[in-house]
2 protein chains.
Amino acid sequence: MIDGALLIGGEARQASDRFTAVNPASGDTLSPDFSSAGIDAVAEACALAEAAFPTYAATDLAARAAFLEAIAENILAIGDDLIVRAMSESGLPRARLEGERGRTVGQLKLFAGVVRQGDFLDATIDPAMPDRAPLPRPDLRRINLAIGPVAVFGASNFPLAFSVAGGDTASALAAGCPVVVKGHPAHPGTGEMVARAIQQAVADAGLPAGVFAYLPGETNALGGALVADPRIQAVGFTGSRAGGLALVRIASERPEPIPVYAEMSSINPVVLFPAALAARGEALGKEFVASLTMGAGQFCTNPGLVLAIDGPDLDTFVAAAATAMADAAPATMLSPGIHASFEKGVDALAGHDAVRTVARGKVGEGVNQAVGAVFETDAQAFLADTALSHEVFGSSSVVVRCSDMAEIAAVIAGLEGQLTATLQMDPADERDAAALVPVIARRVGRILANGWPTGVEVAPAMVHGGPFPATSDGRTTSVGTLAIARFLRPVCFQNLAPGLLPAGLRDDNAWGVARRIDGVREGGSR
Amino acid sequence: MIDGALLIGGEARQASDRFTAVNPASGDTLSPDFSSAGIDAVAEACALAEAAFPTYAATDLAARAAFLEAIAENILAIGDDLIVRAMSESGLPRARLEGERGRTVGQLKLFAGVVRQGDFLDATIDPAMPDRAPLPRPDLRRINLAIGPVAVFGASNFPLAFSVAGGDTASALAAGCPVVVKGHPAHPGTGEMVARAIQQAVADAGLPAGVFAYLPGETNALGGALVADPRIQAVGFTGSRAGGLALVRIASERPEPIPVYAEMSSINPVVLFPAALAARGEALGKEFVASLTMGAGQFCTNPGLVLAIDGPDLDTFVAAAATAMADAAPATMLSPGIHASFEKGVDALAGHDAVRTVARGKVGEGVNQAVGAVFETDAQAFLADTALSHEVFGSSSVVVRCSDMAEIAAVIAGLEGQLTATLQMDPADERDAAALVPVIARRVGRILANGWPTGVEVAPAMVHGGPFPATSDGRTTSVGTLAIARFLRPVCFQNLAPGLLPAGLRDDNAWGVARRIDGVREGGSR
């Protein structure tokens, strides 16, 4: 079922350069070995994507939606082999990966619905006013068109939902863009299985083969060449800050710079408001550690920072968190590299003069295991050293003891951009929260109350984004239906003959999409 | 009425560094002299803008709309002094400036309507599903929030409609963003009059004074400091490619990079299709020169490139264009600097081995006058030297003789991004046009048929944008209602108490905006 191929132009092909994947739970090398795509393959895949673009971008909405659904069906048809392979490559447990497969398939189907509905086209018509004085108004029609071929970089922490057929691929294909995936080297077998499912859907739909290519590899040169290729028009990336910034730099130095949607780094502050802390400090401490250690803390939305006013109620929270963490089982991390980075980050915090180690998790026997960590410091120390606000990817978090709400606000205002902020609050805290929400809203993509930031709903109202460096473009989201907007650009057609207009702009509105006509929204199929 | 002040914090203040404006029609220095704002003023204006942001961003839609309308009324109330001053500073004729004033006022009123309507908020609600299995869905609500203080750089070629109270300012204020304007040194008196009108509207509305500041000046350091200021969150710019790219570089090198919306450079290809050329080559030649020479060619959408198949019909067009150009009156350009750049660009084309000068316009007696120019070359020469596709700002255009439609397509595919492309076509050309439109759509923001690209309607369906280097961000427009989107970012609120939600997301929908609820669009006041 997998043989280490790269997938290009409808074919499976072996490259002479090879790499292997490691089972992080055992440290063993997995078979088979995999093609490491070279820059010649990048050029070929991008040329095919460019050649496929006009046809694919012009697919009608129903056909494009059916294609997305076929990808979903093909992924399900792989069956348990996909789950077993993903387990061996990621160290993630079965239930998590089964859930992630459901999310992956659900995202594809959600975007199929978005495509059918057609709101993403933002079709807008200003009819001609031939008799307007002093000048007539021409017939103006605007619609969102696909931006062009898109490069997608799979993430290590979601080998299904944010990898080969993940949110970036689903939204780019939904927008009408061919996709060239740079496969993540940590889960190449999982990647190849999914890539073959997409390649089959392309063939079955009778689409040009260039609509999709899969280039596994482990070199920076591969990713760099992909972003630099002049045919690529946008980039989706989830991963490290260093990796994302490197791609942003390459994209900005092209003769024609292109947008890079990199989701990079976030410590996701949690504010414990006084009344909530007084009422349920112990329960919050337990819940916090449960969120922190879930999936070995390998979530972009992991709660890496807790802010509260110092005092006995915070002591209660910290004590409960310490107890919970001391009892937390070790968990295999996604890769030896991620484990090494985690250890390094934790060691730096543990050795910091202004930081106290509250608790560590249990130490296990296996390799690449995260031993969770809760630290604490005070606001003045936190504000004095930006190193304390750096993300440590994994189950590590810092509790910051603040003197009052104003100091909490100062800490938040001084933070870099974040994906999320969490408010643990009771009704009596609403006044304090009302003062803080506008400050928080400047720094984040999502504010949530009385929950935990891990767990990102895939829905129309979701924003999984945020100001730099949470992402490289805080005007967007990488999760939820709005993600499609990243791969679109508006084009205006003035006085064009009906036969030259995109279907969504013709008078007959054969696609039945909602349109804004002379400033007033009309119709739509739902 | 004007005394050369910079306007900051609700006050008018004189700086010790001064500069003067020149009447381009006479070369004379105009009085008074003007404050050249220093970087201390930048820091102060940005601090005030940041302080004003929470209050201004939270204004209700009706109040914000009324504020925009008050600016429009205040500009009208300046009366003829504004037109007279703008004439003396720009060399533009009265009728043009009166029209531009109408457009400026109309834009402000249009954005007032956009604000009242509220569609720009894109309010989206996914209600909680507490009983969903396996996990409940939280209550998710998404809305567009203002991005923060915005820096606006006035353009020289629209001293009213794209300057102090122009499209960038109107759309940023409509989005809820305070604005710091870097005044253009070519029209500082005009700028100050308009800035005082805005400042008065801020005071009358009881808004924080930091909502608006006006910093005239002529140094690059001023603009650079403004873009680099950490309080500024987005930049609107219309001007030269070099200037725009300099601002993009500064913005990308900030610790927190920010979006720059720079509208920079375009030669606006016009394709003369065979049947149209055969039927009306002579008329097209005349119309072309009329569009080319309008306003001394000082439009971003000036037709700087004409593509057609070589032959007798194109000879007819070129001959008519030559006759019209030979008869074209010289016109005063906006500034000595623009005039010098125009002369340099025209000289480079005239001296190019592969270029023939078809015709020049009449030479006048005055200073800073553009003498129009039509050149011709062939497609192979054009493709061989990118210098031939550089914008010459002013009434200069190159006719490229192509061997067939495929060569026209090749020239277009090889162009940099453009604001517009124009199709001169008859019904018999529709098949050729249908093949070309998808190629053109990749390169431009607006495609128009059987008109001329100059004249940009301010309307919901307009796109005045396009791929790099037409703009620095091809996903947007700087003209029309969609321009507001440049200054917004989405934020999601999850399970927040009603009192903590923005008004547009509360259940009572007091603003009466259209919302998407569980994926289905509902309501709205219009």
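Residues checked against (1) within 26 Å of A:ALA370 (Cβ to Cβ); (2) of a type in the set (Ser, Thr, Tyr); (3) assigned by TED's automatic domain parsing to the domain that holds A:ALA175:
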position	(1), (2), (3)
A:ASP229	no, no, yes
A:ALA234	no, no, yes
A:PHE237	yes, no, yes
A:GLY244	yes, no, yes
A:SER252	no, yes, yes
A:LYS286	yes, no, no
A:GLY297	yes, no, no
A:VAL306	yes, no, no
A:ASP310	no, no, no
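Exactly one residue out of B:ALA262, B:ALA276 is within 30 Å of B:ALA72 (Cβ to Cβ), within 13 Å of chain A (Cβ to nearest Cβ), surrounded by 24 or more Cβ atoms within 10 Å (Cβ to Cβ) and of a type outside the set (Ser, Thr, Tyr): that is B:ALA262. For the range B:177-195, what are the residues that are farther than 18 Å from B:ASP3 by Cβ and surrounded by fewer than 24 Cβ atoms within 10 Å (Cβ to Cβ)? Scanning the range B:177-195 gives no hits. For the range A:125-143, what are the residues that are in a strand (DSSP E or B) and either loosely packed, with under 10 Cβ neighbours inside 10 Å or more than 7 Å from every other protein chain (Cβ to nearest Cβ) (or both)? Across the range A:125-143, the qualifying residues are A:MET129, A:ILE143. Checked against the criterion of being within 26 Å of A:VAL346 (Cβ to Cβ), assigned to a helix (DSSP H, G or I) and more than 7 Å from every other protein chain (Cβ to nearest Cβ), the candidates A:LEU388, A:LEU436 yield just one match: A:LEU388. Does A:GLU282 fit the bill of being of a type in the set (D, E, K, R), modelled with pLDDT of 95 or more and buried (at least 20 other Cβ atoms within 10 Å of the Cβ)? It is false that A:GLU282 is of a type in the set (D, E, K, R), modelled with pLDDT of 95 or more and buried (at least 20 other Cβ atoms within 10 Å of the Cβ). For the range A:477-523, what are the residues that are within 30 Å of the chain's Cα centre (by Cα), within 7 Å of another protein chain (Cβ to nearest Cβ) and not in a strand (DSSP E or B)? Of everything in the range A:477-523, those that are within 30 Å of the chain's Cα centre (by Cα), within 7 Å of another protein chain (Cβ to nearest Cβ) and not in a strand (DSSP E or B) turn out to be A:THR477, A:LEU482, A:ALA514.
Out of curiosity, is A:GLY451 outside any strand (DSSP E or B), over 14 Å from the mean Cα position of the chain (by Cα), closer than 25 Å to A:THR293 by Cβ and of a type in the set (Gly, Ala, Ser)? Answer is yes for this residue. When the criteria are applied in full, B:ALA49 meets the requirement of being within 26 Å of the chain's Cα centre (by Cα) and under 27 Å from B:GLY106 (Cα atoms). When restricted to residues that are at pLDDT 95 or above and either charged (D, E, K, R) or within 18 Å of B:GLY474 (Cα to Cα) (or both), the range A:209-227 contains 1.
Condition (residue is touching a residue at least 12 places away in the same chain (Cβ under 8 Å), closer than 17 Å to A:LYS182 by Cβ, surrounded by 15 or more Cβ atoms within 10 Å (Cβ to Cβ) and over 25 Å from the mean Cα position of the chain (by Cα)) applied to the range A:22-33: is it met by at least one residue? Spell out how you get there, then give the answer.
As a first pass, look at the range A:22-33 and keep what is touching a residue at least 12 places away in the same chain (Cβ under 8 Å): A:22-27, A:30, A:32-33.
In the following step, the residues that additionally are closer than 17 Å to A:LYS182 by Cβ were identified as none.
Scanning the range A:22-33 turns up no residue that is touching a residue at least 12 places away in the same chain (Cβ under 8 Å), closer than 17 Å to A:LYS182 by Cβ, surrounded by 15 or more Cβ atoms within 10 Å (Cβ to Cβ) and over 25 Å from the mean Cα position of the chain (by Cα).
Restricting the first member to the range A:123-136 and to residues that are within 23 Å of B:ARG96 (Cβ to Cβ), and the second to residues that are among the hydrophobic types (A, V, I, L, M, F, W, C) and assigned to a strand (DSSP E or B), the beta-carbon pairs closer than 8 Å and six or more apart or on different chains are A:PRO136/A:MET129. A Cβ distance below 6 Å, combined with a sequence gap of six or more or placement on separate chains, defines the contacts here; from the range A:89-100, residues that are more than 14 Å from chain B (Cβ to nearest Cβ) reach no residue that is part of a loop (DSSP other than H, G, I, E, B) and surrounded by fewer than 17 Cβ atoms within 10 Å (Cβ to Cβ).
As a summary of the residue check, B:ALA320 satisfies the conditions (1) more than 12 Å from B:ALA373 (Cβ to Cβ); (2) assigned to a loop (DSSP other than H, G, I, E, B) except for the one numbered (2).
Please verify whether A:GLY167 is within 28 Å of A:PRO257 (Cβ to Cβ), surrounded by fewer than 24 Cβ atoms within 10 Å (Cβ to Cβ) and small (Gly, Ala, Ser), treating the condition exactly as stated. For A:GLY167, the condition - within 28 Å of A:PRO257 (Cβ to Cβ), surrounded by fewer than 24 Cβ atoms within 10 Å (Cβ to Cβ) and small (Gly, Ala, Ser) - is not met. For beta carbons closer than 7 Å, sequence separation of 6+ or different chains, a first residue in the range A:302-316 that is part of a strand (DSSP E or B) and a second that is buried (at least 18 other Cβ atoms within 10 Å of the Cβ) and hydroxyl-bearing (Ser, Thr, Tyr), the qualifying pairs are A:LEU305/A:SER397; A:VAL306/A:SER397.
Any residue at all in the range B:10-21 that's more than 20 Å from B:LEU226 (Cα to Cα), surrounded by fewer than 17 Cβ atoms within 10 Å (Cβ to Cβ) and either without any contact (Cβ under 8 Å) to a residue 40 or more places away in the chain or of a type outside the set (Val, Ile, Thr) (or both)? Step through it out loud before you land on a result.
As a first pass, look at the range B:10-21 and keep what is more than 20 Å from B:LEU226 (Cα to Cα): B:20-21.
After this cut, where a residue has to be surrounded by fewer than 17 Cβ atoms within 10 Å (Cβ to Cβ) as well, the list is B:20.
Within this subset, residues satisfying the condition of being either without any contact (Cβ under 8 Å) to a residue 40 or more places away in the chain or of a type outside the set (Val, Ile, Thr) (or both) are B:20.
Scanning the range B:10-21 turns up at least one residue that is more than 20 Å from B:LEU226 (Cα to Cα), surrounded by fewer than 17 Cβ atoms within 10 Å (Cβ to Cβ) and either without any contact (Cβ under 8 Å) to a residue 40 or more places away in the chain or of a type outside the set (Val, Ile, Thr) (or both).
Criterion first (facing chain B (nearest Cβ under 7 Å), surrounded by 24 or more Cβ atoms within 10 Å (Cβ to Cβ) and in contact with a Ser or Thr (Cβ under 7 Å, 6 or more places away or on another chain)) does A:PRO453 satisfy it? Considered against the rule, which asks whether it is facing chain B (nearest Cβ under 7 Å), surrounded by 24 or more Cβ atoms within 10 Å (Cβ to Cβ) and in contact with a Ser or Thr (Cβ under 7 Å, 6 or more places away or on another chain), A:PRO453 comes out as no. Inclusion of A:SER341 among residues that are small (Gly, Ala, Ser), assigned by TED's automatic domain parsing to the domain that holds A:ALA409 and in a strand (DSSP E or B) is not warranted. Applying the condition of being more than 14 Å from chain B (Cβ to nearest Cβ) and under 22 Å from the mean Cα position of the chain (by Cα) to the range A:394-429 and asking which residue is surrounded by the most Cβ atoms within 10 Å (Cβ to Cβ) yields A:SER395. Residue count for the range B:241-257 satisfying the condition of being over 20 Å from B:GLN298 (Cβ atoms) and out of contact with any Phe, Trp or Tyr (no Cβ under 8 Å at 6 or more places or on another chain): 10. The set of residues in the range B:100-115 being surrounded by fewer than 21 Cβ atoms within 10 Å (Cβ to Cβ) and either more than 15 Å from B:SER163 (Cα to Cα) or among the polar types (S, T, N, Q) (or both) consists of B:LYS109, B:GLY113.
Is at least one residue of the range B:408-416 of a type in the set (Asp, Glu) and assigned to a loop (DSSP other than H, G, I, E, B)? Quick ask: steps written out before the conclusion?
Applying the first criterion (of a type in the set (Asp, Glu)) to the range B:408-416 yields B:416.
After this cut, where a residue has to be assigned to a loop (DSSP other than H, G, I, E, B) as well, the list is B:416.
Scanning the range B:408-416, I find at least one residue that is of a type in the set (Asp, Glu) and assigned to a loop (DSSP other than H, G, I, E, B), so the answer is yes.
The values are calculated or read from the model by the stated rules, or taken from the named source; none is laboratory data. All figures in this text were calculated on a predicted structure; none of them were measured in a lab. Note: ideal-geometry Cβ built from the backbone for every residue, glycine included; neighbour counts use all protein chains shown.
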